[in-house]
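Q: Would you mind keeping the following structure in view while I ask a few things?
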Amino acid sequence: MTINDKKGRHETVVPAIELVNISKAFGAVQANKDISIRVMPGTIHGIIGENGAGKSTLMSILYGYYKADKGEIFIKGSQTSIPDSQAAISAGIGMVFQHFKLVQNFTVLENIILGVEDGAMLRPSLAKARKSLTELAKEYELNVDPDANIEDLSVGHQQRVEILKALYRQANILILDEPTGVLTPAEANQLFRILHRLRDEGKTILLITHKLREIMNITETVSVMRRGEIVATVPTSQTSPEALAELMVGRKVLLRVDKKPAKPGAKILDVKNLRVVDEVGIERLKGVDFHVRSGEVLGIAGVAGNGQSELLAVLGGYQKATGTVKINEKPIEVGSASQGQSRRANGLSHVPEDRQQEGLIMEFTAWENSVFGYHHDAGIQNGIFMNNAAIRNEAQAKIERFDIRPPDPRLKARNFSGGNQQKIVLAREIERDPEILLVGQPTRGVDIGAIEFIHRQIMTLRDKGKAVLLVSVELDEVLSLSDRIAVMFDGNIMGERLASETDEKELGLLMAGVKTGTN
Amino acid sequence: MQKIPQWADVVLVPLISLLLAAIISALVIIAIGQDPIEAVKLMVIGALGSTYGWGYTLYYATNFIFTGLAVSVAFHAKLFNIGGEGQAMIGGLGVAIAALYIPWPHWSIALLGCTCSAAIFGALWGYLPAILQAKRGSHIVITTIMFNFIAAGLLNYVLVNVMRPPASMDPATASFPPATHLPTLHDLLMPLGINFSRTTPANITFLIAFLAAVFVWLLIWKTRLGYSIRSFGQSGSAAKYAGINPVKITVITMLISGGLAGMMSINTTMGEAERLILNAPEGAGFIGIAVALMGRSHPLGVVLASLLFGFLYQGGAELAMWMAIPRELIVVIQALVILFTGALDNMVRLPINALLTIIQKSGDAK
Amino acid sequence: MDILNDLITVLNSTLRLSTPLLLACLAGLFSERAGIFDIGLEGKMLCAAFFSGAVAAITGSVWIGLAAGIASSLALSALHGIASITFRGNQLISGVAINFFAAGMTVLVAQSWFKQGGRTPSLTGNGRFNAVELPLAESLKDIPFLGHIYNGLISGHTILVYIALLVVPVTWWILYRTRFGLRLRAVGEAPEAVDTAGISVIHLRFAAVGICGVLCGIAGAYLATGLQAGFVKDMTAGRGYIALAALIFAKWRPWYALMSCLLFGFLQAIALRPDLIEAYLSFKVQVQLLDVLPYILTVIILAGFVGKATPPRAGGEPYVKEQ
Amino acid sequence: DLGGKFDKSFNESAFNGATRWATENNSSFKEIELQSDAQREQALRRFAESGANPIVMAGFMFATALGEVAKDYPDTKFAIIDMVVDAPNVRSVVFNEHEGSYLVGMLAAQASKTGTVGFIGGMDIPLIRKFACGYVQGVKSVNPDAVVVQNMTGTTPAAWNDPVKGSELTKAQIAQGADVIYAAAGGTGVGVLQTAADEDILSIGVDSNQNYLHSGKVLTSMLKRVDNAVYDAMTQGADLETGFNIMGISNGGVGYALDEHNASLITTDMQASVDAASGQIASGALAVHDYMSDNSCPVE
Ligand SMILES: Nc1ncnc2c1ncn2[C@@H]1O[C@H](COP(=O)(O)OP(=O)(O)OP(=O)(O)O)[C@@H](O)[C@H]1O
Ligand SMILES: Nc1ncnc2c1ncn2[C@@H]1O[C@H](COP(=O)(O)OP(=O)(O)OP(=O)(O)O)[C@@H](O)[C@H]1O
Ligand SMILES: [Mg+2]
Ligand SMILES: [Mg+2]
């Protein structure tokens, strides 16, 4: 079939999606500028770009969540107006948002049928959904307990629910916004298998990611966005990660961590028999032992939910535990949940896993956030008052040193992109010049330019002779930054390896709870 | 959407909102067969046209500043303190006990002592709901509502059975000794050559209210404690991460909030009535909620909203005195003011925003 | 003294005192479950109490009065909706304004219509809800215990009491068994999930606020035409706030709401009977202590037995997706 | 008084007195209902300055304000009801509510078949205790074994406007055997009278004549002729006689209401006994204890 589009070109295949001159501004920010893009049916089309480049905005427009200021949308060749998500759903579009749109205290089934119930009564809808859910689960290996509450599910499972939601609505076009940001490698691989299946069935997939490896591995075509514009759309086979990175950031990016040999010194952090029982009585840490020396990075690998978060919370001083923890040979209090201040006084800094829930106060300005947790430090306060002028100046300096954009300390944290939010936290914690730095998921959802920068900062700290405890679900990241790697499974440390003597495969087995060899 | 210029946001929007409230109020006045122009004149002249009017306006405003600040401070920690009324009542008890049972040599020392006593009593009444919330998770909205009732019962008991002079019909304490009588604005301004009306209840407490507003401003935006309070209010999980103790912050915040509410009674009990009467706060604790919300929990906003409410109170009293307008009308006018300036402000802001954007665009085009 | 009889009188009182609380509490439940906080329950009840009383007095028909009460409460709900949903205003402020408005307006209108010091004329005959004798109540009353309870406690209330009790299972059924309920609960927890599922957040929230208005309307009408024979100014006497407390107490759930309202009603009913307290517990309670007893007990129960109550996650916040 | 309390009774009675004076003399008066304690003094001064003379205030809570204001306006005459203010230009009118309450108490005891009668007060304040004490004495004078069930409505201003609670208290007292209930509780009393009528027992109104509210169901009303006091003060105008003015049974200041609405309820015997007591009180032969005299009541 041949169709005559507006530009008069002839195509043998109708694009599944065609966006023409889409523009969208939020106040002064031009999030999308005259964007035109075509996505062929039965392909996986990747979109990459820096934080804040406008990827999510563009997808939200396609899904009817935002309204474009101007531009047209063609679905399967016919112009379609998408004023709201209802229209998008009827046009066969499904979207998995970067921040999931799930009702936390609803069951999986309830989330799935929300908006597509058949009839006014719930029972028949639920029964029907339960049946098709079993089928879908079988077909695509998307197993989730239909009666589990969302809040009890891991993020990986929550994402499955989002995908199931789209499939249940019989979406032909599936948009995934940074789907792997929160997944373990195994989960990510499974996701890609599913995406391949879907593509093979003729569905069209739009995939946003910051991970070039994923782009290279599974997409057919890739579009690169920068500052609200599409700077290139190329077949994946004709490009390379380096080329894409350069297109994205506008400069050459070092994709490998440049690591000098470690010079480990004295034990800075010594943890013995650490146990945590949570509020509902479940044992989350079951007697964990490890230590971190000065001048080394100990990486903690593991599938999310195996006790890493609790470990960080105990060490950070806001989770009760039993056992002993010593910093510089000095035992510290772990029996109380309000020790954040004394931890910091003991030379411990902490970049938490969740920058928006823990690391930052989203409604505070960048300069106020720049001392968050340290507001009792000398120099930041004089007596009962805060030394606001000094804090502001210091924040301005940090912003420059860490290249945080926009370089305005009076902006609220909420108004920075994820990568820059992460840099604000990092600047605060690293610039304290800690004895030991705890870092949780330092590059989650952060673009490659920023990743490079963050990794360099962590290595610099190590090379200054500080101890670093790194927790990440990105095996890549753990492997490339750590000197030693401990793998956590079900509240225990399954084993410890030297980074130079192990590989993804061995770690993957440990993460799955399989003991391999000896230590 | 363009961000609206600050002056329009802070000045223009509230003014237009007020105007809308006034127009609807005028319609109500017409509906009950009275002349709205006359009414407005009466209100403005009665409340602002003389030092006499100002005296009353400021007197009421003083009450609202205290309770408004009390609610605001708690709001910054995301605690909704509905208990200002009860805290003010108990604060009054503190004033009465201090004023009656301690022989003060001079009003200034008495003021200091009674203020402390009021604040301590009010704070204590805020302490219990705070500790219950922090330790037991009892919702502070319920407990403070309950504590209002309990305070009323306690005060009723004390005034009728304990502190009432035997022969008095009035459930109130004896009058405070003259040494505790506070200078009125008349006394304070006379040395400056201003002849402020002698007969109004406005007194030195008004200045204390201003100091309290400055104190709250410093506390919230300049101190470490304020920083912790705001952090805790904005994000409990982040505060936990930062090592801010939730129990401590909840309790301290409610102590300050209750203390401020309690200090309101300096104005009514020591400044005006010069004895403790039943129901002394007269609902100012609840007006404080409206004032804090309208003032966006900022001390300056609270002061301005309090002045507005003081104006409505005093202007309303004049209306009730000189026109056949029932006092309930004033309550309706207050409702309209709260509605338009507080809840419907976006109704005004959005069109103004659009208008300004158009003006700006056409300006840019030239 | 006959324990059963005492119990029946206290429980009767409990039921009557609980009914307005329960209706208002369920009204709040609908609104807050949809993410719209409502401290204007008091004002809506008061307004409905006045208009139901006034219209019933004028027309002589309590049903027309009830309709008028509901309509007036709905009007205030619409105002709350416009302020807090359409214009994304602060829900607390809007609620406070509604309470003020109702307190002033009811007396103003009452005075201008009836000139009876802010009251409505007393209702008689069909102007008020009369007690409903349930079938067989009379003939079963001699059966010991059960018959006694049926006749003495269960039968003999006004129709609105039974309606209120019926609203509890209906609310539960709507919330947990219907599509509307699912969406309503969702919009109070995660409006963005509702929006991206292609459902209008605004319509849902207005519907919830509307139901809240209807229930508040019945609550107010019950006060003026069921319990009383007319409106007296400020006659809600803080019941809207108590209902709000009961709602939090009930953790925003319908059956719990019934329990907590009955508990509040029971505590209030007990406080009316110092003689029983004295007879059964053999100590004399001071008058003022008696008055505040329900509140003290509430605090104790709250602190002792009821854990943390988590409100609907999106409650109190207007839904804004772009600024 | 504040909060428009005693609505339909106390304030309204004062208002009626003023209205009567105004219509009879074809003149006008200014009135204000207050919402704040601070406004008392304000209102007094404003009225004094505007040349109003005399100024009549109803309610004991005016005392302190009046004490201040009276001396600043020596040429203005004031009348205060329910409280004594010692100033040369003030007339203080107090009522012997205990005497009136005594009479209705006698009636209650005679009308009661169960020997149990009730009293519902608005708030536990001395004034209400005074009512209660007189009432109990009256009841006991007829039937020393009678039981008087007493309740107060509450401790917040809402206590005066909570007819629902009034109803419940009435039902609670009925459950305790009361078949005549005296309400001294402002707007709350509306609920008491209503419920008493619905439950087919008798009630007693207060301050103004409330017999008509439920004809044939209200035994009587304790009259407190505030209207007369106001009327009287206004009639005397600027020549108001100042000083202390006790309105008791002897001068018709208090009493009980008898009209077509309750004629059928009061037998001639009852009327005779009450009138006899009334005469004795007037002559001083019978002294009803005043709660205020020593803050206690001899009977309960
Ligand atoms: N709701 C919003 N309100 C105002 N501005 C917004 C909003 N959403 C996005 N923006 C602005 O639009 C720009 C593009 O944002 P968008 O979320 O599309 O970026 P992105 O490419 O998805 O970034 P990331 O890689 O971090 O996910 C941002 O710089 C931001 O300033
Ligand atoms: N309501 C909003 N107002 C202003 N800016 C917003 C708003 N929502 C999002 N943004 C901006 O949009 C950009 C991208 O937002 P997004 O939600 O995609 O987060 P992100 O940058 O990807 O962070 P993360 O990786 O943690 O998800 C950021 O610059 C963010 O500050
Ligand atoms: Mg994004
Ligand atoms: Mg991102």
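Just so you know, all these numbers are worked out from the coordinates, no wet-lab data involved. None of these values were measured; they are calculated from a predicted model. Backbone-built Cβ (ideal geometry, glycine too); neighbour counts: all protein chains shown.
Q: How large is the dipole of the protein assembly as shown about the Cα centre if only Lys and Arg carry +1 and Asp and Glu carry -1, each at its Cβ, rounded to the nearest 20 debye?
A: Rounded to the nearest 20 debye, it is 4500 debye.
Q: Taking every alpha carbon pair in the stretch A:94-239, what does the distance histogram look like in 5 angstrom bins from 0, in percent?
A: The percentages, shortest bin first, are 2, 9, 18, 21, 20, 13, 8, 5, 3, 1, 0.
Q: Sticking with this structure for a sec: Which net charge results for the neighbourhood of residue A:490, defined as the other residues with beta-carbon distances under 10 angstrom from its beta-carbon, given Lys and Arg at +1 and Asp and Glu at -1?
A: Within the 10 Å Cβ shell, the charges total +1.
Q: Considering only DSSP states other than H, G, I, E and B, which chymotrypsin sites (Phe, Trp or Tyr not before Pro) in the stretch C:181-286 qualify as loop sites with at most 10 other Cβ atoms within 10 Å?
A: C:283
Q: By the scheme Lys and Arg +1, Asp and Glu -1, what is the net charge of all other residues having a beta-carbon under 14 Å from that of residue A:361? Working shown, then result.
A: Numbers: positive: A:355, A:412, A:414, A:428, B:78, B:230, B:240; negative: A:354, A:358, A:363, A:368.
Value of the local net charge: +3.
Q: Oh, and also: Exactly which trypsin sites (Lys or Arg not before Pro) in the stretch A:44-78 are in a DSSP loop and have at most 15 other Cβ atoms within 10 Å?
A: Here the trypsin sites (Lys or Arg not before Pro) that fit, given the DSSP loop and packing criteria, are A:67.
Q: Distance in nm between label sites at residue A:134 and residue C:277, each 7 Å beyond Cα in the beta-carbon direction?
A: 5.9
Q: Over the stretch B:57-322, what is the relative contact order in whole percent, taking alpha-carbon pairs under 8 Å and six or more residues apart?
A: 42
Q: Continuing with the same structure: Scan chain C and report its longest stretch carrying no trypsin sites (Lys or Arg not before Pro) that are both in a DSSP loop and have at most 16 other Cβ atoms within 10 Å.
A: Value returned for the longest uninterrupted segment is C:1-114.
Q: Right, another one. What is the spread of the Cα atoms of the stretch D:259-300 along each of their three principal axes, largest first, in whole Å?
A: Over the stretch D:259-300, Cα extents along the principal axes are 38, 22, 15 Å.
Q: Also, I was wondering about something else. What do you get for the angle between helix D:38-49 and the principal long axis of chain D? Use alpha-carbon atoms, 0 to 90 degrees, nearest ten.
A: Helix D:38-49 sits roughly 50 degrees off the main axis of chain D.
Q: Still on this model: Using the Cβ atoms and a cut-off under 9 Å, what net charge is assigned to the surroundings of residue A:109, where Lys and Arg are +1 and Asp and Glu are -1?
A: Summing Lys/Arg as +1 and Asp/Glu as -1 gives -1.
Q: Now for a different question. To the nearest 20 debye, what charge dipole does chain A have about its Cα centre, counting +1 at the Cβ of each Lys and Arg and -1 at the Cβ of each Asp and Glu?
A: It comes to approximately 740 debye.
Q: If you rank A:138, D:217 by fewest surrounding Cβ atoms within 10 Å, what's the result?
A: A:138, D:217
Q: Equivalent-ellipsoid semi-axes (√(5λ), Cα gyration tensor) for the stretch B:49-93, whole Å, largest first?
A: Semi-axes from the Cα gyration tensor: 26, 14, 6 Å.
Q: Rounded to the nearest angstrom and ordered from largest down, what semi-axes does the equivalent ellipsoid of the stretch B:200-248 get from its C-alpha gyration tensor (root of 5λ)?
A: Semi-axes (√(5λ), whole Å): 32, 9, 7.
Q: Okay, moving on. Run the quick spin-label model on residue A:25 and residue C:313: label points 7 Å from Cα toward the beta carbon, then report their separation in nm to one decimal.
A: Here the answer is 3.4 nm between the modelled labels.
Q: Express the C-alpha Rg of chain D as a ratio against the empirical globular expectation 2.2 N^0.38 Å, rounded to two decimals.
A: The value comes to 0.99.
Q: Please identify every one of the chymotrypsin sites (Phe, Trp or Tyr not before Pro) in the stretch B:186-268 that sits in a loop by DSSP and has no more than 10 other beta carbons within 10 Å of its own beta carbon.
A: none
Q: Oh, and also: Give me A:196, D:261 sorted ascending by neighbouring Cβ count inside 10 Å, so fewest comes first.
A: The order, fewest Cβ neighbours first, is A:196, D:261.
Q: Run the Debye formula on the Cα coordinates of the stretch A:99-171, all scatterers equal and no solvent, and tell me log10 I(q)/I(0) at q = 0.19 1/Å.
A: With one equal scatterer per Cα and no solvent, log10 I(q)/I(0) is -0.69.
Q: Starting from the Cα gyration tensor of chain B, multiply each eigenvalue by 5, take the square root, and state the resulting semi-axes largest first in whole Å.
A: Details: eigenvalues 236, 171, 72 Å².
The answer is 34, 29, 19 Å, longest axis first.
Q: Let me ask something else about it. Which order do C:305, A:290 fall in if you start with the one that has the fewest other Cβ atoms within 10 Å?
A: Details: C:305 8, A:290 18.
So the ranking, lowest neighbour count to highest, is C:305, A:290.
Q: Add -39500 (n - 2.57) for each DSSP H run of 4 or more in the protein assembly as shown, then divide by its residues: what number comes out at 222 nm, to the nearest 500 deg cm²/dmol? Can you show the working numbers first?
A: On the way: 55 runs with 749 residues, N = 1508.
It lands at -16000 deg cm²/dmol.
Q: Also: Using only Cα atoms, locate the centre of the stretch B:156-181 and the centre of the stretch A:335-372, then give the distance between them in Å, rounded to an integer.
A: When both Cα centres are located, 53 Å separates them.
Q: Same structure again: Under a point spin-label approximation (7 Å from Cα along Cα-to-Cβ), what is the residue A:193-residue A:389 distance to one decimal in nm?
A: My value for the distance between the label points is 6.4 nm.
Q: What are the lysines whose alpha-carbon lies under 23 Å from the alpha-carbon of residue A:272, with same-chain residues fewer than 8 places away excluded?
A: A:286, A:320, A:326, A:330, A:466, A:515
Q: With a length cut of 18 Å (Cα positions projected on each helix's long axis) and a Kyte-Doolittle mean of at least -0.5, go through chain C and give me the DSSP H helices that pass.
A: The qualifying helices are C:3-33, C:41-59, C:62-81, C:91-114, C:159-177, C:201-221, C:254-271, C:287-304.
Q: To continue, here is another question. Once amide H atoms are placed 1.01 Å from N in the peptide plane, what residues at a sequence separation of 5 or more from residue A:287, or on another chain, have their amide H within under 5 Å of its amide H?
A: A:274, A:275, A:276
Q: Taking a ≥ b ≥ c as the square roots of the Cα gyration tensor eigenvalues, with a/c under 1.5 meaning rounded and otherwise prolate when a/b beats b/c, else oblate, which class fits the stretch B:242-366?
A: Verdict is oblate for the stretch B:242-366.
Q: Highest GNM mean-square fluctuation, chain C, Cα pairs closer than 10 Å: which of C:111, C:91, C:268?
A: Of C:111, C:91, C:268, the Gaussian network model singles out C:111 as fluctuating most.
Q: Still on this structure: Can you spot the lysines whose alpha carbon is less than 18 Å from residue B:78's alpha carbon? Ignore those fewer than 8 places along the same chain.
A: B:135, B:240, B:248, C:308
Q: So how tilted is helix D:10-25 from the main axis of chain D? Cα-based, degrees 0 to 90, rounded to 10.
A: 50
Q: Please flag any cysteine in the protein assembly as shown that has no other cysteine's Cβ under 4.7 angstrom from its own Cβ.
A: Here B:114, B:116, C:25, C:47, C:212, C:216, C:261 come out as lacking a disulfide-compatible partner, given the Cβ-Cβ threshold of under 4.7 Å.
Q: Answer rounded, prolate or oblate for the protein assembly as shown, using the Cα gyration tensor with square roots of eigenvalues a ≥ b ≥ c: rounded when a/c is under 1.5, else prolate when a/b is larger than b/c, else oblate.
A: Note, shape of the protein assembly as shown comes out prolate.
Q: I want the antiparallel fraction of DSSP beta bridges within the stretch A:144-293, as a percent rounded to 5. Intermediate results must be reported in sequence, preceding the final value.
A: Numbers: 14 of 19 bridges.
Antiparallel: roughly 75 percent of the beta bridges in the stretch A:144-293.
Q: Hey, another quick one. Kindly work out what percent of the DSSP beta bridges joining two residues of chain A are antiparallel, to the nearest 5.
A: Details: 48 of 84 bridges.
Here the antiparallel bridges make up roughly 55 percent for chain A.
Q: If exposed means no more than 13 neighbouring beta carbons inside 10 Å and the site is in a DSSP loop, what's the longest run of chain C without any exposed GluC sites (Glu not before Pro)?
A: Value returned for the longest uninterrupted segment is C:134-321.
Q: What are the lysines whose alpha-carbon lies under 21 Å from the alpha-carbon of residue A:55, with same-chain residues fewer than 8 places away excluded?
A: A:24, A:33, A:67, A:70, A:101, A:203, A:211, A:423, C:321
Q: Computed over the Cα atoms of chain C, what is the ratio Rg over Rh, Rh following Kirkwood?
A: Expressed as Rg/Rh, it is 1.00.
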